[in-house]
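Right, one structure below, let's go through it.
The values are calculated or read from the model by the stated rules, or taken from the named source; none is laboratory data. As the structure is a prediction and not an experimental result, all values here were calculated from the model. Neighbour counts are summed over all protein chains in view; Cβ atoms, including those assigned to glycine, are modelled from backbone coordinates with ideal geometry.
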Amino acid sequence: MSPIDEILPANLLQALPVSAEDWADTPKSVQDLVVGLLMRFQAMEAEVARLREQVNRNSGNSSQPPSKDGPGVVRRTGAGKKPSGRTRGGQAGHPGTQRKLVPVEELKAEYDIKPFYCRRCGGVLSGEAPSPDRHQVAEIPPAKVEVTEYRLHTLTCPICGTETRAELPEGVPQGGFGPRLQAMVSILSGGYHLSQRETVGILDDFFKVDLGLGSVPNLEKRTSAAIASVVEDARSYARSQAAVHQDETGWKEGLKKAWMWVLATQHVTVFMIDLHRSAEVAKKMLGINFKGVLNTDCWSAYNWLDNRHRQLCWSHLRRDFEAFVERSGESQ
């Protein structure tokens, strides 16, 4: 075996237009130079392929979300499905969808509107139609915050002179806001991702609530404490299911980079925000004694789970295979 056989891969050796005899007659210094250049060329080709794959990355061949795809990316929609040739929207003869009428017993008010005169001859009309057209108008009534005051009296004992202050009745919040208002603040800021200022603005615009910016995070903390046991019950339920999906995505916790983790089952979905994206967080979310089948992507944070209890997401695998196909050479 010649020196070049020992150093160069077979594909480069075959592409080298030099016979074994000519190579044997080549000075050692020239051989070393040629081998170095060829190896460098091979490394550059691999780097170019890696960069080309990175540039061509999209939602169809990687975990990149569709929102980051460039304008030239053509997304596959219904592979193998032929165009129907129909125009967009409802088709001719298709029954329309209308808002359901509220039952009569749930109406705030109802009025029978009758015409007095014939629209053609002007004759006087009387009676009523057996099935009049029903036209309902939904409206939100004017809303104003209800404020209840509790006057806590402090009285002095006539015997010993000790002052005793009254306690709030059971169920009355220690703070200045009731549970429904607290829940609305948490939904606006947490569920709908409104800023503290936007949350305060909506409550002022619609309900004339005098709420300071600092009260928003305070109410969020109280809500988190109030639902902690319910969240733990939901997490326990998810951990006991035969099939569970787990994933994580980037999140902002104030100015800090965080991650939102999710456990999804057929009936219950549990979320958790953590500052880390690690196996320890995955274990805390799922539990180390999980006995079902967990569906995940290929992220290494789930590698601690036995393969008998882990199913890789087929959508992620399909994107990986698509990336293989789009590469050149042996990988393709």
Requested in this report: Answer yes or no: is there a residue in segment 258-266 that is out of contact with any strand residue (DSSP E or B) (no Cβ under 6 Å at 6 or more places or on another chain) and either at pLDDT 95 or above or not small (G, A, S) (or both).
Outcome: yes
Requested in this report: Can you tell me which residue among L275, L286, L255 is surrounded by 14 or more Cβ atoms within 10 Å (Cβ to Cβ) and either of a type in the set (A, V, I, L, M, F, W, C) or modelled with pLDDT under 95 (or both)?
Outcome: L286
Report summary line: Of the residues in segment 137-163, those that are over 16 Å from L181 (Cα atoms) and of a type in the set (S, T, N, Q) come to T154, T156, T162
Requested in this report: From (1) modelled with pLDDT of 80 or more; (2) assigned to a loop (DSSP other than H, G, I, E, B); (3) not hydrophobic (A, V, I, L, M, F, W, C), pick out the condition that doesn't hold for T77.
Outcome: (1)
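Return yes when K114 is closer than 30 Å to L203 by Cβ, among the charged types (D, E, K, R) and either not assigned by TED's automatic domain parsing to the domain that holds A226 or not in a loop (DSSP other than H, G, I, E, B) (or both) and no when it is not. Before the answer, list the steps.
Working: closer than 30 Å to L203 by Cβ: no; among the charged types (D, E, K, R): yes; either not assigned by TED's automatic domain parsing to the domain that holds A226 or not in a loop (DSSP other than H, G, I, E, B) (or both): yes.
Taking the combined requirement at face value, the residue does not satisfy it.
So which of P179, P217 is at pLDDT 90 or above, closer than 29 Å to E280 by Cα and more than 18 Å from the chain's Cα centre (by Cα)? Even if it seems obvious, please write down each step before you answer.
Numbers: P179 fails: closer than 29 Å to E280 by Cα.
That would be P217, the only listed residue that is at pLDDT 90 or above, closer than 29 Å to E280 by Cα and more than 18 Å from the chain's Cα centre (by Cα).
Can you tell me which residue is farthest from P217 (Cα to Cα) among those in segment 144-178 that are of a type in the set (G, A, S) and surrounded by 10 or more Cβ atoms within 10 Å (Cβ to Cβ)? Steps first, please.
Narrowing segment 144-178 to residues of a type in the set (G, A, S): 161, 166, 171, 175-176, 178.
With surrounded by 10 or more Cβ atoms within 10 Å (Cβ to Cβ) added as a condition, the list becomes 166, 175-176, 178.
Working: A166: 29, G175: 13, G176: 14, G178: 15 Å.
My answer is A166.
Has segment 271-292 got any residue that is closer than 30 Å to A46 by Cβ and within 21 Å of the chain's Cα centre (by Cα)? Give the derivation first.
In the first step, residues of segment 271-292 are kept if they are closer than 30 Å to A46 by Cβ; the result is 277.
Now restrict to residues that are within 21 Å of the chain's Cα centre (by Cα): 277.
Yes, that holds for at least one residue.
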**Report entry** Number of the exception - A49 against (1) surrounded by fewer than 11 Cβ atoms within 10 Å (Cβ to Cβ); (2) at pLDDT below 85; (3) of a type in the set (A, V, I, L, M, F, W, C); (4) in a helix (DSSP H, G or I)
**Finding:** (1)
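Residues checked against (1) at positive phi; (2) touching a helix residue (DSSP H, G or I) at 6+ places or on another chain (Cβ under 9 Å); (3) assigned by TED's automatic domain parsing to the domain that holds G178:
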site	(1), (2), (3)
V231	no, yes, yes
T269	no, yes, no
N289	no, yes, no
Q311	no, no, no
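Among the residues of segment 246-293, how many are among the hydrophobic types (A, V, I, L, M, F, W, C), outside any strand (DSSP E or B) and over 24 Å from W314 (Cβ atoms)? Please lay out each step first, then the result.
First pass over segment 246-293, keeping only residues among the hydrophobic types (A, V, I, L, M, F, W, C): 251, 255, 258-264, 268, 270-273, 275, 279, 281-282, 285-286, 288, 290, 293.
When the remaining residues are screened for being outside any strand (DSSP E or B), the result is 255, 268, 275, 279, 281-282, 285-286, 288, 290.
Now drop any that are not over 24 Å from W314 (Cβ atoms), which leaves 255, 275, 281, 288.
Going through segment 246-293 one residue at a time, the tally reaches 4.
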